[in-house]
Amino acid sequence: MGEEKALTVSQLTNLIKVLLENSFKTVTLEGEISNFKRQSSGHLYFQLKDSYCQISAVMFAGNASRLTFEPKDGMKVVAKGQITVYEPRGNYQIKISSMSPAGVGSIMEMLEQRKQKLSKEGLFDSDRKKPILHYPQTVGIVTSPTGAALRDIMNIAKTRNDTVNLIVLPAQVQGADAPRTIITQIEAANTWSLCDVLIVGRGGGSLEDLLPFSDEGVVRAIAASRIPVISAVGHQIDFALSDFAADARASTPSHAAELAIPEKQKLREYLQQTESDLYAAITARTQNLRLMLKTFTPENMELQFRSIEQKVLLRFDAAREELVNGMKQRITDMRTYIKHCSDILESASPQSIFNRGYSMVTDAQTGKVIRSAEDSAPGLQIVIRPAQGLINATVTKTQKAGT
């Protein structure tokens, strides 16, 4: 018996690789994430484990970009993928193609985290919400073309107002590709201005079924829409993050149709009432005008003119009297002022001074006024000018001031 030929490590690893990958082409695992790492390239590396064992896992960027939640250590997930062997290390691992949270608790936790993140960015603020048009001409519907939600909306529209146009923008509402198709249709409606109001939603389902309407991209597309959006996801007890970003939230697709489509019968009644109110207002105004016109007879016109003229004449007379009185007062004031100035001038005249007993002394030869005893000397001939007449005199003695 000859010796068994030895295998190389590479040969053995390749045999194991072929055996495993052919035996487990697609597997679905449930486990807890540990040692989670997100590379700058977008690839995800982590371990999936239970109470006894663990397996390495990798999720490449293309598949990771379609995740509807943020994986983290300790989170239980359901992963679908293929068993592969990493030959350089001889390790087997699962290459994950899709993954979702395991159980309602994990999904709710993921939704709450996403809700808080988007809320902090202001995407749910009430002041950015747009009003829903009362009388839209066209209503767009982003939903499954074969779902019950579309049938409900169309039935409500037909009953309420068959004149409103409906445009269906078909989209997947469940599964990994659903968010992308929903986003595409919302953006198309805005790019081409296809409608006045946009209903985005689907019928009821499990929490997992409704996840596409909580996708971050879908929420951002709704918040960025120029067209007002009504979110109509599931039944009244269901909710999605699209409800918070939309301009209005409907409890069901049927309710969304009622919010978006006015009831034709009520519109007709409103128009009839408006017509009646307008006719009554015009009739009352016409009657008032007729009553007013009756007062415009020649006699009434003359009386009205006289009444107006009388008021103007009274105002004119009052103004004239006020002007005359003002002028008289002004003249009186001026006369008083002139008299006062004249009295001042009169009291300052030489003659008035002479009349008070003063005299003016001048040199008889030169006529120069003698203002001081130093200007004269004994023997000087002087002329004294009192109030009346002249006095010629000779100075016999002088005396300086202060002596």
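The values are calculated or read from the model by the stated rules, or taken from the named source; none is laboratory data. These figures come from a predicted structure and were not determined experimentally. Positions of Cβ are backbone-derived with ideal geometry, glycine not excepted, and every protein chain shown enters the neighbour counts. SASA here: full protein model, heavy atoms, side chains in, ligands and nucleic acids out. Shrake-Rupley method; radii C 1.70, N 1.55, O 1.52, S 1.80 Å.
Contact map, the range 369-385: residues that are free of Cβ contacts under 8 Å to residues at least 12 places away in the same chain paired with residues that are open to solvent by less than 40 Å² (accessible area, probe 1.4 Å), Cβ distance under 6 Å, separation 6+ or inter-chain. Pairs shown: 369/362. Return the residue satisfying two criteria in turn: it lies in the range 113-172 and is surrounded by 18 or more Cβ atoms within 10 Å (Cβ to Cβ) and of a type in the set (Ser, Thr, Tyr), and of such residues it is farthest from the chain's Cα centre (by Cα). Within the range 113-172, the match that is farthest from the chain's Cα centre (by Cα) is 144.
Among the residues of the range 42-92, those identified as part of a loop (DSSP other than H, G, I, E, B) and either more than 25 Å from residue 112 (Cβ to Cβ) or polar (S, T, N, Q) (or both) are 43, 50, 51, 52, 53, 60, 65, 68, 87, 88, 89, 90. Does the range 93-107 hold any residues that are over 27 Å from residue 61 (Cβ atoms) and either open to solvent by 60 Å² or more (accessible area, probe 1.4 Å) or outside any helix (DSSP H, G or I) (or both), and which are they? Hit for the range 93-107 is 104, nothing else. Selection of the range 1-28 for residues being aliphatic (A, V, I, L, M) and either assigned to a helix (DSSP H, G or I) or open to solvent by 60 Å² or more (accessible area, probe 1.4 Å) (or both) yields 1, 6, 7, 9, 12, 15, 16, 18, 19, 20.
Taking the range 1-41 as the range and being among the hydroxyl-bearing types (Ser, Thr, Tyr) and closer than 22 Å to residue 90 by Cβ as the test, the residues that pass are 8, 10, 13, 23, 34. Residues in the range 173-201 that are free of Cβ contacts under 8 Å to residues at least 60 places away in the same chain, open to solvent by 40 Å² or more (accessible area, probe 1.4 Å) and of a type in the set (A, V, I, L, M, F, W, C): 2 in all.
Among the candidates 224, 246, 240, the residue that is open to solvent by 10 Å² or more (accessible area, probe 1.4 Å) and among the small types (Gly, Ala, Ser) is uniquely 224.
Taking helices (runs of 4 or more DSSP H) that fall entirely within the range 145-257, which contain at least 2 residues that are within 25 Å of residue 115 (Cβ to Cβ) and of a type in the set (D, E, K, R)?
On the way: elements: 148-160, 178-191, 216-224, 242-245.
The helices (runs of 4 or more DSSP H) meeting that bar are 178-191, 216-224.
So residue 84 fits all but one of (1) within 50 Å of the chain's Cα centre (by Cα); (2) polar (S, T, N, Q); (3) at pLDDT 85 or above; what number is the exception? All conditions are met except number (1).
Considering 356, 306, which residue is at pLDDT below 85, loosely packed, with under 10 Cβ neighbours inside 10 Å and of a type outside the set (Phe, Trp, Tyr)?
Details: 306 fails: loosely packed, with under 10 Cβ neighbours inside 10 Å.
Answer to the selection: 356.
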